[in-house]
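Student: Encoded as C-alpha cells, here's the structure I'll be asking about.
What follows is calculated from the coordinates using simple rules that are stated; it is not laboratory data. Please read these numbers as outputs of a predicted model, since none were measured by experiment. Backbone-built Cβ (ideal geometry, glycine too); neighbour counts: all protein chains shown.
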Amino acid sequence: MSDNGQHFVADHVKGLPRSGIRDFFAIVAAMPQAISLGIGEPDFVTPWHIREAAIFALEKGKTSYTDNLGLIRLRREISSYVEDNFGVSYHPETDVLVAVGVSEALDIALRAVLNPGDKVLYHEPCYVSYSPSIVLAHAQPIAVGTSAEDQFGIDPERVEAAWEPGCKVLMLNFPTNPTGGVTERAKLERLAKFAIEKDLLVISDEIYSELTFEGEHTSIASLPGMQERTIFLHGFSKAFAMTGFRIGYACGPQPLIEAMMKVHQYSMLCAPILSQEAAIEALRHGAPAVAKMKEQYHRRRDLIVRRFNEAGLNCHSPKGSFYAFPSIQSTGLDSLTFCKGLLDQQEVAVVPGTAFGPSGAGFVRASFSTSYERILEATDRIERYVEKLSKKA
Amino acid sequence: MSSVLQLLLEGERLDTAQMAQVLGMSESEIEAELTRLKAEEILLGWRPVINADRAQEGNVRAVIEVKISPERDGGFDRLATRIARFDAVESCFLMSGAYDLLVFAVGNDLRDVASFVSERLSTVEGVLSTATHFMLRAYKEQGYLLLAPSDGEDKPAVSP
Ligand SMILES: Cc1ncc(COP(=O)(O)O)c(C=O)c1O
C-alpha cells in the first residue's frame, strides 16, 4: 500500500475533525505583525518567586520521578487550597491526583470511567478538547448548547432535554472557555439534583475559577450529595500564569482517583517534579500575584467589552476567564469568513466561534490577555472593519 | 488608590483619551483627576523610565552617604532640602542607621560627580562627612529589568 501508513490510523482517530481552524491558526502564525487576540493563555510570565522555586528545586537536584499521585507535600497544599476556596474537603493521601495539566486530568478521568458507547453530556461552545477527548475514550459526546441570552451559562432544562439512556457523565466548565459564561448557584443546584436523579458523574473543569469577576464562584462539588459523584479538575495554567509548567490536578472520591491513577501510572507515570515544586510555591505564596493579575484582567475585560459594543458587535460581559465572545451576526458573515477577512484587511486575529463547536457559529473569541494598548488598537481596527462591512451591505 | 493613579503606575503609555477608554470614564473626568493629583502634589511629574546605559553615553551615577548635623529647629529638613536642590541630585532620602542622608547624584562623567561632592556637597555648612559609591551597572530600574533578554517568541500567536 502506498498511502504512507494512513491505513494504520485508528478509525476513531481518523474520524476526529481537523477543521479549517487549524488552517486558520497556520495563517495567523505566518503573520507575526498581526495583533493577536487569539491567545488562550496569560500574557503574564509566571511570577518570579514561583519560577525561582523551580530553579531552586533544580539546583537541589530534584530530578526524579515522584509518587504517581504527586508529591504528598503538594497534595496537602492542594487539599487545603481547595477546601479554603471551594469548600470541599479531600484527603491528600487518597483523593488528590497531580496531573500534567487539566488536559491530562480530563483525559484520564474520561478514560477511567467510560465504557465504549457510554454517552457524555457537555455544554457548548466549549474548550476544543472536550469532544475529541470523549471520542478518544470511545464514548459518545452529546452537546448541549448554551446561548448569549443566558450569557452562556447552562440552562438545566436543556441538559434535561438532551439526556438520553446511556448518559454517564456530565462535563462542566465554569467560567467557560471561550464564552466566559458562569452558572449561578440556583441552576447548579437544579443540575445537581438532575445528576443525582439520573446517576450522572460530573466532571467539573474549574480552571478559570480564580478569574471570576462578579459574584462568587460556586463549585458543583460543594453542593449537597455531589462530592461523591464529582471529579473536580483544576490547575495552575491560568490564574498562576503557569501554562508551560504543564501541571494540574484532580480531586474526587477515592475509588475514582484510584481508577484515574491506574491510567495515569501506565501512561504518564507522574507529573514533572520541578513543576510540582513550583506548584507548591504557587499555592503557598502566589495569592497576591494572582490578585494583581486578576485586577488587570478585570479592567481589560471592561475595556474590550465596551469597545466591541461601540464597534457595533454585540458583546455580553463575561463574568469570568479572559475571553470576550462578541456576536458578529450583525455583519451577516459566518465566523470563519469574518475572521479571515479581519486578519486579511486589518491584521487582527480573533478565533472563530465555530472552533469551539457548531453552537459557536455567529461569534468570535477575543482574548483580553494582552495590553490595553493592543486591545485599543485591535478594537479600533475591528471597528473600521465592521464599518466597511456595513457600508458594503 | 485612585484608579487613574493605579493605571499610571501600571506603566503603559496611554493618552488621556485611551485612559478614558480603559477606565470607562470621560476624558474630562480623567483630566480633572490628573489635575487634582498634581494640585495635591501626589503626582509630581511624568519622567520616563529609561535604560541610562543605552540612552546616554558617559552618564555617571553615584550614591552618596552623607552625615549631617541636625539643627535645633527642624532637625535635618533644612539641610536636606538645601542639598536636594542641587541639579546633580536626583533623589535624596533621610535614612536610619550609620549615616543620615542617602543622595543619588548624576553627572556627565566621573569628574563631574567628584567635583559636585568635593566642591558643593562637602562644603555645605553642617555636612560632616560623605562617602561616595559610583554605580557600575544597572540591572533593574523602577521595576523594569534591564539585562534580561525578553523573548515571547515561542508562544503561539493563537492557542485554544
Ligand atoms: C477550559 C480549559 N480546560 C483545560 C485547559 C488546559 O489546561 P492545562 O494547561 O492545565 O492543561 C484549558 C486551556 O486553555 C482550558 O481553557
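Student: Which lysines, if any, have their Cα less than 23 Å from the Cα of A:K391, not counting same-chain residues under 8 positions apart?
Tutor: Within reach: A:K340.
Student: With 32 Å as the limit, write out which pairs from A:K319/B:K38; A:K238/B:K140; A:K187/A:K388 have Cα-Cα distances beyond it, or answer none.
Tutor: A:K319/B:K38; A:K187/A:K388
Student: Moving to a separate point now. Net charge near A:S79, counting Lys/Arg +1 and Asp/Glu -1 over other residues with Cβ under 14 Å of its Cβ?
Tutor: That sum, taken over residues with Cβ under 14 Å, equals -1.
Student: Once a ≥ b ≥ c are taken as the square roots of the eigenvalues of the Cα gyration tensor of segment A:41-96, is the result rounded (a/c under 1.5), prolate (a/b larger than b/c) or oblate (a/b not larger than b/c)?
Tutor: Oblate, because a/c is 1.5 or more while a/b does not exceed b/c.
Student: Then there is this: Whole angstrom only: what separates the Cα centroid of segment B:30-53 from the Cα centroid of segment B:65-133?
Tutor: 25
Student: Nearest-5 percent of antiparallel DSSP beta bridges in the protein assembly as shown? Kindly include the intermediate steps, with their values, before the conclusion.
Tutor: Details: 36 of 57 bridges.
Taking every DSSP beta bridge within the protein assembly as shown, about 65 percent pair in antiparallel fashion.
Student: Taking a cut-off of 14 Å between Cα atoms, list the aspartates and glutamates near A:K193, but don't count ones fewer than 8 places away on the same chain.
Tutor: Those aspartates and glutamates meeting the cut-off are A:D155, A:E157, A:E160, A:E228.
Student: Further question: For segment B:32-42, just list the computed ³J(HN,Hα) in residue order, Karplus coefficients 6.51, -1.76 and 1.60, θ = phi - 60°, integers in Hz, with x standing in for Gly and Pro.
Tutor: Couplings: 4, 5, 5, 4, 4, 4, 6, 4, 7, 6, 8 Hz.
Student: Quick check: Cα centre of segment A:1-61 to Cα centre of segment A:164-223, how many Å?
Tutor: Result: 27 Å between the Cα centres.
Student: Rounded, prolate or oblate for chain B? Axes are the square roots of the Cα gyration tensor eigenvalues, ordered a ≥ b ≥ c, and the cut-off for rounded is a/c under 1.5. Kindly include the intermediate steps, with their values, before the conclusion.
Tutor: Values: a/c = 2.81, a/b = 1.53, b/c = 1.83.
The shape class here is oblate.
Student: Provide the descending list of Cα extents for segment A:48-285 along its principal axes, expressed in whole angstroms.
Tutor: That works out to 56, 39, 30 Å along the principal axes.
Student: Moving to a separate point now. What number in nm² do you get for segment A:56-135 if you take the convex hull of its Cα atoms and divide its surface by four?
Tutor: Numbers: hull surface 30.6 nm².
The orientation-averaged projected area of the Cα hull of segment A:56-135 comes to 7.7 nm².
Student: Next up: So how do B:E125, A:E189 line up by other beta-carbon neighbours within 10 Å, fewest first?
Tutor: Sorted ascending by nearby Cβ count, the order is B:E125, A:E189.
Student: Could you list A:I280, B:I50 in order of exposure, starting from the residue whose Cβ has the fewest other Cβ atoms within 10 Å? Don't skip to the end; give the middle numbers.
Tutor: Details: A:I280 21, B:I50 13.
In order of increasing Cβ crowding within 10 Å: B:I50, A:I280.
Student: Please label the shape of segment B:1-51 as rounded, prolate or oblate, based on the square roots a ≥ b ≥ c of the eigenvalues of the alpha-carbon gyration tensor (a/c under 1.5 means rounded; beyond that, a/b larger than b/c means prolate, else oblate).
Tutor: oblate
Student: So if we plug the beta-carbon distance of A:D23 and A:E387 into 1/(1 + (r/R0)^6) with R0 = 25 Å, what FRET efficiency do we get, rounded to 0.05?
Tutor: 0.35
Student: Per residue of segment A:321-328, what does 6.51 cos²θ - 1.76 cosθ + 1.60 with θ = phi - 60° give for ³J(HN,Hα)? Whole Hz please, x for Gly and Pro, Karplus curve as stated.
Tutor: Along segment A:321-328, the couplings run 6, 10, 10, 9, 9, x, 7, 10 Hz.
Student: List every residue whose amide H lies under 5 Å from the amide H of A:V88, counting only residues 5 or more places away in sequence or on a different chain, with H placed 1.01 Å from N in the peptide plane.
Tutor: A:E83
Student: Next question. What is the set of long-range amide H partners of A:I231 at a cut-off below 5 Å, with H atoms built 1.01 Å from backbone N?
Tutor: A:V202, A:I203, A:S204
Student: Among A:F322, A:Q140, B:N51, pick out the residue whose Cα is farthest towards the positive end of the charge dipole of the protein assembly as shown, where Lys and Arg carry +1 and Asp and Glu carry -1 on C-beta, about the Cα centre.
Tutor: About the Cα centre, the residue reaching furthest to the positive side is A:Q140.
Student: Which cross-chain or sequence-distant (5 or more) residues have an amide H under 5 Å from the amide H of B:E141, H modelled 1.01 Å from N in plane?
Tutor: So B:E141 has HN proximity to B:L146.
Student: Can you work out ³J(HN,Hα) from phi for every residue in segment A:356-371, in order, using Karplus 6.51 cos²θ - 1.76 cosθ + 1.60 and θ = phi - 60°, giving whole Hz and x for Gly and Pro?
Tutor: Coupling constants for segment A:356-371: 10, x, x, 6, x, 4, x, 10, 10, 9, 10, 7, 9, 8, 7, 5 Hz.
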